[in-house]
1. Given the conditions (1) touching an Asp or Glu at 6+ places or on another chain (Cβ under 8 Å); (2) assigned to a strand (DSSP E or B); (3) buried (at least 23 other Cβ atoms within 10 Å of the Cβ), which single one is not true for Cys14?
2. Counting only residues that are surrounded by fewer than 20 Cβ atoms within 10 Å (Cβ to Cβ) and among the aliphatic types (A, V, I, L, M), which one in segment 226-250 is farthest from Phe94 (Cα to Cα)?
3. Could you count how many residues in segment 98-139 are closer than 14 Å to Leu40 by Cα and open to solvent by 10 Å² or more (accessible area, probe 1.4 Å)?
4. Identify, please: which residue in segment 114-163 is polar (S, T, N, Q) and in a loop (DSSP other than H, G, I, E, B) and is, among those, nearest to Arg297 (Cα to Cα)?
5. Consider Pro56 against the criteria (1) exposed (fewer than 15 other Cβ atoms within 10 Å of the Cβ); (2) under 26 Å from Gln260 (Cβ atoms): it satisfies all of them except one. Which criterion is unmet?
6. Which members of segment 191-204 meet the condition of being modelled with pLDDT of 95 or more and either touching a helix residue (DSSP H, G or I) at 6+ places or on another chain (Cβ under 8 Å) or within 27 Å of Pro119 (Cβ to Cβ) (or both)?
7. Pairs needed: first member in segment 117-128, touching a residue at least 40 places away in the same chain (Cβ under 8 Å) and under 19 Å from Glu182 (Cβ atoms); second member anywhere, open to solvent by 10 Å² or more (accessible area, probe 1.4 Å) and among the charged types (D, E, K, R); C-beta distance under 8 Å; at least 6 residues apart or different chains.
8. Of everything in segment 187-198 that's open to solvent by 30 Å² or more (accessible area, probe 1.4 Å) and not hydroxyl-bearing (Ser, Thr, Tyr), which residue is nearest to Pro30 (Cα to Cα)?
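The values are calculated or read from the model by the stated rules, or taken from the named source; none is laboratory data. Values in this document were obtained by computation on a predicted structure and should not be read as measured data. Heads up, the Cβs are rebuilt from the backbone with ideal geometry, glycines too, and the neighbour counts pull from every protein chain shown. Only protein heavy atoms, including side chains, enter the accessible area calculation; ligands, DNA and RNA are left aside. Shrake-Rupley method; radii C 1.70, N 1.55, O 1.52, S 1.80 Å.
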Amino acid sequence: MGEGGAGAGVLPVCRVRLTAFALAEVGCGPDQGVHLRGALGQYLRALECPEPDAEPCGHCSDAAPCTYRLAYVARAAADRLPPSANADGARPYFVRPQLGVTAVGPGQTFRFELWALGPLALRLPDLLRALLPLQSRGLGHRSAIFRLASAEFLDPRGQPLELAEHLQVIRGDAPAPGWLLEMPGLAESTELGEVELRFVTPTRIAFRGEKLEVPTLEAVVDAIGRRSRDLLQRWGLPEAPLHWPSRVRAELVEWSGAWQRNDRRSRSQSGHQHDLSGFVGVVRYRGRIAEVLPWLRLAELLQVGSNAPFGCGQVKVVYRAWG
């Protein structure tokens, strides 16, 4: 597995949790992530761009981007523009919708999170301001209106960072406190154990050109390694190349769950079809888990696989050492 890759760099992160109450039935889950990202982009562009309907917009550039361009168009931070115009990498923010419910009715509350990465972390208040007109426009095909009730910035464990007055947060008037996510390195370990991965939203992972109906542990580690590398190189503070384990010494011993079909049409992108299908269930692996555990913890934070920006690929990790 080679020498350790500690010190590869850090990724600035700002995380905010918003609570709202529904004035009409509001859909939750990954489809809510599609509608939130699309509508936020539409309203953010209207707020940021002098000519929001112009294509292309000539009022900013990748070298000096507005918040909309940084979140939706630019392929990397301004100080590291990619060499190819066709190169595409992980986007610097993602949505984490509420789990466990498919919809909430009028008068009920629901939650979702916005995560902003790299230089966008400092501009998260701009995204929050774009939520204000979205309340009355509504989410989804039924234009479900809602009202924001509270907002709080969170640390990596999901605990409140600073208790700013929630209206200040929602209006984008409060500064965006964040934290630095350190990239893990390589480490050898002979410790044996079991890990249970709970794929709580549809997770689609391709490994060596093959779409996996049930993710292997090697595929999960490879997927979060590639995602972390792209995020670090394009939006983070890299100090050295990022390396992740190329060989995972563990086996899949038990699983339960199924491939969940989930196709949604985005109203904000002229009916663009989003295939949010993926595996949902619990998988147990056994072997030398300790040496890949930091990467699995990273997957808990950053989500993994295709469609991660919409809230897919959420993973919960339960580890037990036994030798």
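1. Single failed check for Cys14: (1).
2. Ala240
3. Count: 11.
4. Filtering first and then ranking leaves Gln159.
5. (2)
6. Val195, Leu197
7. Gly118/Arg234
8. So, considering only residues that are open to solvent by 30 Å² or more (accessible area, probe 1.4 Å) and not hydroxyl-bearing (Ser, Thr, Tyr), the one nearest to Pro30 (Cα to Cα) is Arg198.
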